[in-house]
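Reviewing the structure listed below.
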Amino acid sequence: MSLKKKMLNTNNLGGITMKRTGTFILFVLFCTGILISAPRVKIVTEYITPQMLATNSAFTADSTVATGLRTVARGTYVYLRAWNFGDTTSIQSATWTMLVKPGGSTATLAGITGLPTWQKFKADLSGTYQVQVSVTTSSGSKDTTVTIYGSTFVGTGGFDNVPAVFPNCMSCHGTTPQFTAIFDRWKVSKHATTFKSKITAGPTSYGIEQFRVHTLGYNHFNITNNNGFDDKATELGWNWTNYAPPKPANWDSLKNRFPSLVAFANVGCESCHGPGNEHVFGGGDTNMIMKSVDEGNCGKCHDSPHLGPEFAQWKNARHSKVIWSSSFAQNNNGTNNLDNCIRCHDGQGYVNFTKGIGTNTNGKTVASHEMVTCATCHDPHGNTNNASLRNRPAGSDTLANGYHYTNVGSGATCMDCHKSRRNTMTYVNTKITSGNWGPHHNSQADIYLGQNLATFGGAPYRSTQHFTFLQNACVTCHMAPTDTASANKDKVGGHALYLHNEETNYDHLKACQTCHFGKTRFDQFIADADYDGDGTTESWIMETKGSLTRLAMALPPYGVDSVAWQLLGADTLNPNHLNMKKAYINYLSIRDGSEFGMHNAKYVIDALVASRNAIVGIVNVSYEVPQKFELTQNYPNPFNPTTKFKFSLPKETDVTIAVFDITGRVVKVLARDKFTAGKYEVDWNGTNEMNAKIASGVYFYRIVAGSYSDVKKMILLK
């Protein structure tokens, strides 16, 4: 009985039951649909940077810089946004209410022109503020609340041998090994020492404008008394006009005459964790101080066109738009196993990995998703690494390919995530059960190093070996200084990381020109042969794209520029099944790596050519250079269902191998490529171009290699 008839009969049996079951399923789906489509709302505390204030008319003169933390400096504005993350419907109306505020506070909520889902209020007094929003969408309504703490600064304390005095942070935390270890790293970092070094040996222009980003709690575009550096300096009588310009005695004078000001003369704990007075005097309530990798913490200083272009570059990078999937909520109870997507798809998840801490994703939603921000890669407390890049656990593997990246300088941080998620040698043997099978989109590191693509038992793939001379791997090229032209500035290089600006069709090859002098376009890197068989030797990128297309056409459903993974997973009895999967994983690795050979052109091309050859049964068995061209008789002959033959090439040449039927019609082209000198074996499985089995009969196979040609007869018997 055919499969189709079996299915029809099964459907007819118990038809009444199926109708009832179908009705029940529809009812469940209807109810589930209502639940899924209902809005879920979060109040986002938004950051506002100096650049946003300077360039966005929505923020008026009474606006202030904000970190996005929920613990804020007294006298500064808090910016709130209602976000429906439960479905795709837009918010039709939002009703905001101030539920709680400190006694005597005059704080009121106000809308922001052009931002209908936003509100702001000034935290005019220290204490607790609670705000509610009720939103309505086309799919329903929902409300939620957020709690904000207004507070003042207490200073870090303990810096430069000036003892911490209560309520300085280190007056309490200085007795805890966990915090003293952090403090010891911070006290020699630029966050701690920049103000000290600049007032003693900085440029003559150094002054109050820079104090805003180099000291604790200095007023940003508004006047408020929050016990920041400026307020403390006024209280103690330290005035920059008495010391300007920078000179060697300035710091010693401040330290000796105003020792309590030292606790505020740096980018200290509260710069990133929020002002600590309510935390100190609220019984150490951890809700009144914050820990966050959110970008707003850094943006308040590093989003300035002159002082900090890094933030603008980061906003143009894909790191600021990391993909979220509901599958990331893996209910793993805090494990840090190798299948945990959060390790790379969430900023805090990667930080946890570097610390050897698991990330509990139980119930995690997009509302708690963190982008890959400054603090994801760089430790704000400082360390001895270049740019304070975070330390990685010794011997660790971010994903599951079992490889710990070393000797690649600063690029190791990039490679932790931009690599295959599997060890191809073992993973290729697993069953393809879904469209997610494979290397998972980012195989750049493995390709760069010339590893982890599937091989077919023949000669090893060549490598361009960039890794032998690029000291910092990815960082060397992708973080080269950004282009100076306004159309490309901050969109390529630096923390933007891109090497191509699609809008202007500009290639950013500053780092490449050290070795490839005069190259200004990727299409100027010409391949050494016509690998895609179109008759023209083109750029490596075009040869790679063409070879990807040829490989796709050799995989199911055959003859089209796409691959059906379902067909690859189904034909497990095909003797060429493993080679099919190997070829497919190479196809995915190279296609989804998005660099089309430029990280390691020869390695990529060899893998693509070998993959396609392996599907039709051709393997390079030796690079040993034979004395002459040769085509051997197939064995066995007659055969069923497969047969083998060999050919030898004494030099690199274009090779075409095809099978013909007795009428001279082409049955299958087994190869049409440039082959290096060596010995090859062909294992043909008696199929045509569409991979269908051919009929019994007499067939001929012919080789054309340069000026050499030969043809031999074979017989297929069934």
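The values are calculated or read from the model by the stated rules, or taken from the named source; none is laboratory data. Values in this document were obtained by computation on a predicted structure and should not be read as measured data. In this analysis, Cβ positions are derived from the backbone assuming ideal geometry, glycine residues included, and neighbour counts consider all displayed protein chains. For accessibility, only protein heavy atoms count, side chains too; no ligands or nucleic acids. Shrake-Rupley method; radii C 1.70, N 1.55, O 1.52, S 1.80 Å.
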*Under 7 Å between Cβ atoms, at least 6 apart or on separate chains: pull out the pairs that start in the stretch 360-384 with a residue that is open to solvent by 30 Å² or more (accessible area, probe 1.4 Å) and end on any residue that is of a type in the set (Asp, Glu).*
370/294; 370/346; 371/295; 374/295
*With the condition kept exactly as written, say whether any residue in the stretch 626-636 is out of contact with any Asp or Glu (no Cβ under 9 Å at 6 or more places or on another chain) and acidic (Asp, Glu).*
no
*asked:* Is it the case, given these coordinates, that residue 138 is open to solvent by 60 Å² or more (accessible area, probe 1.4 Å), over 21 Å from residue 282 (Cα atoms) and among the small types (Gly, Ala, Ser)?
replied: yes
*Could you tell me whether any residue of the stretch 687-710 is at positive phi and surrounded by 15 or more Cβ atoms within 10 Å (Cβ to Cβ)?*
yes
*May I ask you to list the residues in the stretch 159-169 that are open to solvent by 20 Å² or more (accessible area, probe 1.4 Å), assigned to a helix (DSSP H, G or I) and in contact (Cβ under 8 Å) with a residue 40 or more places away in the chain?*
160, 169
*Looking at residue 222, is it in a loop (DSSP other than H, G, I, E, B), of a type outside the set (Asp, Glu) and on the phi > 0 side of the Ramachandran plot?*
no
*Just to be sure, is residue 643 farther than 19 Å from residue 457 by Cβ, surrounded by 14 or more Cβ atoms within 10 Å (Cβ to Cβ) and among the polar types (S, T, N, Q)?*
no
*For the stretch 224-248, what are the residues that are open to solvent by 30 Å² or more (accessible area, probe 1.4 Å) and in contact (Cβ under 8 Å) with a residue 40 or more places away in the chain?*
225, 227, 232, 245, 247, 248
*Every residue from the stretch 50-102 that is aliphatic (A, V, I, L, M), modelled with pLDDT of 95 or more and closer than 27 Å to residue 136 by Cβ*: 78, 80, 82, 91, 94, 98, 99, 100
*asked:* Anything in the stretch 180-215 that is of a type in the set (Lys, Arg), modelled with pLDDT of 95 or more and open to solvent by less than 70 Å² (accessible area, probe 1.4 Å)? List them, or say none.
replied: 196
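Yes/no matrix, rows are residues, columns are (1) in a loop (DSSP other than H, G, I, E, B); (2) in contact with a Lys or Arg (Cβ under 8 Å, 6 or more places away or on another chain); (3) closer than 22 Å to residue 207 by Cβ:
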| residue | (1), (2), (3) |
| --- | --- |
| 245 | yes, no, yes |
| 251 | no, yes, yes |
| 262 | no, yes, yes |
| 272 | no, no, no |
| 284 | yes, no, no |
| 292 | yes, no, no |
| 324 | yes, no, no |
*Entirely in the stretch 398-465, the helices (runs of 4 or more DSSP H) that have 2 or more residues that are hydrophobic (A, V, I, L, M, F, W, C) and open to solvent by less than 70 Å² (accessible area, probe 1.4 Å)*: 411-415, 444-449
_Cβ-Cβ under 8 Å pairs, at least 6 apart or on other chains, the stretch 138-158 side on the phi < 0 side of the Ramachandran plot and without any contact (Cβ under 8 Å) to a residue 24 or more places away in the chain, far side open to solvent by 30 Å² or more (accessible area, probe 1.4 Å) and not in a loop (DSSP other than H, G, I, E, B)_ = none
*asked:* Checking the conditions here, which among 551, 578 is in contact (Cβ under 8 Å) with a residue 40 or more places away in the chain, open to solvent by 60 Å² or more (accessible area, probe 1.4 Å) and more than 26 Å from the chain's Cα centre (by Cα)?
replied: 578
*Residue satisfying all of: in the stretch 86-114; open to solvent by less than 50 Å² (accessible area, probe 1.4 Å) and of a type in the set (Gly, Ala, Ser); nearest to residue 135 (Cα to Cα) among these*: 94
*Would you check if there is a residue in the stretch 609-622 being at pLDDT 95 or above and open to solvent by less than 50 Å² (accessible area, probe 1.4 Å)?*
no
*Looking at (1) more than 21 Å from the chain's Cα centre (by Cα); (2) at pLDDT below 90, find the lone condition where residue 435 falls short.*
(1)
